[in-house]
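Below is one structure, written out as structure tokens, with a few remarks after it.
The values are calculated or read from the model by the stated rules, or taken from the named source; none is laboratory data. Note that the coordinates shown come from a computational prediction; the quantities given were computed from them, not determined experimentally. Positions of Cβ are backbone-derived with ideal geometry, glycine not excepted, and every protein chain shown enters the neighbour counts. Each accessible area value is taken on the protein alone, full model and side chains, heavy atoms only, with ligands, DNA and RNA left out. Shrake-Rupley method; radii C 1.70, N 1.55, O 1.52, S 1.80 Å.
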Amino acid sequence: MKLSDLAKGSSVLLGVIVAGYVSTSYVDQHLATPVKTTSAPTNGLGPSACVDEDGSWKNWPWPNVPALSPKC
């Protein structure tokens, strides 16, 4: 392996890492929506995720959902 090949590979790897960080920051800022609730939280941490009777998730703004959440 030549030194120039190592430099090219290192710069590509660094570029991928920086692009991943920037895109993650962008998604966190612009696509995450806060949960709007009508009731005040009782423990100060906010409402926890739960499964409604129809199987939909409540109080969980993210696309992934926690396993074994309680029913509402």
Given the conditions (1) open to solvent by less than 80 Å² (accessible area, probe 1.4 Å); (2) at pLDDT below 70, which single one is not true for residue 34? (1)
Give me the pairs, please: first residue somewhere in the stretch 42-57 and at pLDDT below 65, second residue anywhere and not basic (Lys, Arg), beta-carbon distance under 8 Å, and either six or more positions apart or on two chains. 46/35; 46/37; 46/59
